[in-house]
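Participant: Pasting in a structure now, in structure tokens, and then I'll have a few things to ask.
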Amino acid sequence: MERKDAWEKYPEGKKDYKALFAFAEGYKDFISNCKTERACVKELVQKAEDAGFVNIEEILAKKKKLKSGDKVYAVKMKKTLVMYVIGTEPMEKGLNILGAHIDSPRMDLKQNPLYEDTGMALLDTHYYGGVKKYQWVTLPLALHGVIVKKDGTVVEVDLGDKEGDPVFGVSDLLIHLSEKQMEKKGNKIVEGEDLNVLVGSIPLKGEEKDAVSKNVLQILKKQYDVEEEDFLSAEIEVVPAGKARDYGFDRSMIMGYGHDDRSCAYPSFMAMLQMKKPKKTSVCLLVDKEEIGSVGATGMKSHFFEDTTAEVMNAMGVYSELTMRRCLAASNVLSSDVSAAFDPNYASVSEKKNVAYFGRGLVFNKFTGARGKSGSNDANAEYIAHLRDILDRNKVSFQTAELGKVDAGGGGTIAYILARYGMNVIDSGVAVLNMHAPWEIISKVDLYEAYRGYIAFLNEA
């Protein structure tokens, strides 16, 4: 039952070894440049269009008919993306779906964020997703997002990652005065309301009250032509500043922000670009809001995917409520989400026979959940056997895991939401160290095996 190290398949200097590292470079660029859902969708839509994908809105407007081999995509509120490559089989026989999420833990600016205290200008935040709040202090942080003015003008904010940009941060109490702080539990060392981002300290000349915050507003007016009131209709995310980097003497790993879940979203997307005329229609579904329960119009619990699938079937001339229900129920899904990698520094939370390891390839989690598999999809054994056959025939390295020891914790993905349609669904992704921390770590070979595994799935599931 011991899974071999996937690196054994890639002798240094050989063609496949070079392809693996080249794929990692593309991924590093992606997560370095795309730190928000909006940025991910914008970048991937451009790549999709370059690869021949057409917006479904254009198909509908021109009343075109879709046929086998056609490539279409749809976007919801600039935060969620779904792509289809039409297969040779009728859609009623099901889809092969790769479903990942492109949101990551972070801090969001509040709607009324700017204030001044003792000559310091700060921005108030509300953390997003499950984070250890103490990990987000004393780090260089960047601001990414949009400010939408009343006239509909969209101002893009991208500050802290470019050469020469200033960075921002949340301060922490110095060790010399932190005796009481160090006695607190981990979840109380830094409180949520204390995650305030320091953004300025120079007062505006001639002003007596709130002179520093007024100076910050003057800078924003000059740089972005926005007023303080425009924060009311803004979505600005506070994320770690800096690029993804090679990790380790051997450069076998990648340290970056947002591996959860962009380390699965990127290979899912790239696998879709390899599809020409598959047997079953191939789908890549990249959603928002997974980290806060898959809610909202851009989360997996919305009807966006179902509605778009109906539009695609209608454009093929095969839509009816019954055929769409049959299509969804007959589909196969890899819920492409990360898993917890074994950490020898914290071995006590894992059961070594059933945990994911760096370097052993694509990870399958038959179930997630917590406390007796609560909230889990728990994949069907027949489906797992089918996937084993596909991956073994394509020489894809894979492993199975659970998310920690029984009763040690737990987590969830979008798997259970897709399973409600009656689909075959299993969680499948990349093992991650430091999950949900500002800087996470993955293995390059696991990333590449995920890509290879996703291609094999789309072609043969």
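The values are calculated or read from the model by the stated rules, or taken from the named source; none is laboratory data. Bear in mind the structure is a predicted one, so any value in this text is a computation, not a measurement. When we count neighbours, we look across all protein chains shown, and the Cβ atoms used for this are built from the backbone with ideal geometry, even at glycine. Calculation scope for accessible area: heavy atoms of the full protein, side chains included, ligands and nucleic acids excluded. Shrake-Rupley method; radii C 1.70, N 1.55, O 1.52, S 1.80 Å.
Participant: Roughly speaking, what is the centre-to-centre gap between region 363-415 and region 297-342 when only Cα atoms are used, to the nearest Å?
Facilitator: Region 363-415 and region 297-342 have Cα centres spaced 21 Å from each other.
Participant: Can you give me the distance in nm between label points at VAL349 and GLN274, each placed 7 Å from the Cα along the Cα-to-Cβ direction?
Facilitator: The modelled label-to-label distance comes out at 3.3 nm.
Participant: Then there's this: Say the cut-off is 32 Å between C-alpha atoms; which of LYS64/LYS93; LYS221/LYS444; LYS162/LYS205; LYS180/LYS444; LYS42/LYS150 go over it?
Facilitator: LYS221/LYS444; LYS180/LYS444
Participant: Output wanted: per-residue J couplings in Hz (rounded whole) for region 118-135, from phi through Karplus 6.51 cos²θ - 1.76 cosθ + 1.60, θ = phi - 60°, x for Gly and Pro.
Facilitator: Per residue, the Karplus-derived 3J(HN,Hα) values read 6, x, 10, 9, 9, 10, 7, 10, 10, 5, 10, x, x, 10, 8, 4, 5, 6 Hz.
Participant: Shifting gears a bit: Any idea how far the Cα center of region 1-77 sits from the one of region 157-224, in Å?
Facilitator: For region 1-77 versus region 157-224, the Cα centre distance is 36 Å.
Participant: Let me ask another. Would region 217-375 count as rounded, prolate or oblate if I go by the C-alpha gyration tensor, calling it rounded below 1.5 in a/c and otherwise prolate when a/b exceeds b/c, oblate otherwise?
Facilitator: Oblate, since a/c reaches 1.5 and b/c is not below a/b.
Participant: Right, something else. Report, to the nearest whole %, how much of the accessible area of region 380-461 belongs to carbon and sulfur atoms, 1.4 Å probe, protein only.
Facilitator: Accessible surface attributable to carbon and sulfur in region 380-461 totals 48 percent.
Participant: On to the next question. Less than 11 Å Cβ to Cβ from GLU193, Lys/Arg counted +1 and Asp/Glu -1: what total charge do the surrounding residues give?
Facilitator: With Lys, Arg at +1 and Asp, Glu at -1, the neighbours total -1.
Participant: If you don't mind, another one. Go through [x] 39, 36, 20; [y] 78, 27, 19; [z] 39, 28, 20 and flag the label whose value is the computed semi-axes √(5λ) of the Cα gyration tensor in Å for this structure.
Facilitator: So the calculated entry is the one marked [z].
Participant: Keeping every protein chain in place, order ILE202, ILE426 by accessible area at 1.4 Å, biggest value first, i.e. largest first.
Facilitator: ILE202, ILE426
Participant: Okay, next question. Count the net charge of all other residues whose Cβ sits under 10 Å from the Cβ of ARG106, scoring Lys and Arg as +1 and Asp and Glu as -1.
Facilitator: -3
Participant: What residues qualify as long-range amide H neighbours of ALA341, i.e. H under 5 Å apart, gap of 5 or more or another chain, H built at 1.01 Å from N?
Facilitator: The answer is VAL432, LEU433.
Participant: Rounded, prolate or oblate, given the Cα gyration tensor of region 215-310, with a/c below 1.5 counting as rounded?
Facilitator: Oblate.
Participant: A follow-up question, please. Under the rule of at least 5 residues apart or a separate chain, name every residue whose amide H is placed under 5 Å from the amide H of TYR247.
Facilitator: It is SER252, MET253, ILE254, MET255, by chain and number.
Participant: Per DSSP helix of 4 or more residues, -39500 (n - 2.57); summed, then divided by the residues of the chain. What does that give at 222 nm, rounded to the nearest 500?
Facilitator: Here the helix-only value at 222 nm equals -8500 deg cm²/dmol.
Participant: Could you compute the FRET efficiency for LEU173 and ASN55, with r as their C-beta to C-beta distance and R0 at 60 Å, rounded to 0.05?
Facilitator: Plugging the Cβ-Cβ distance into 1/(1 + (r/R0)^6) gives 0.75.
Participant: Taking 31 Å as the cut-off for C-alpha to C-alpha distance, list the pairs among LYS279/LYS366; LYS62/LYS222; LYS15/LYS289 that go past it.
Facilitator: Distance filter (> 31 Å) returns LYS62/LYS222; LYS15/LYS289.
Participant: Quick one: dipole size for the chain, taken about the Cα centre, charges +1 on Lys/Arg Cβ and -1 on Asp/Glu Cβ, in debye to the nearest 20.
Facilitator: Dipole of the chain, to the nearest 20 debye: 1780 debye.
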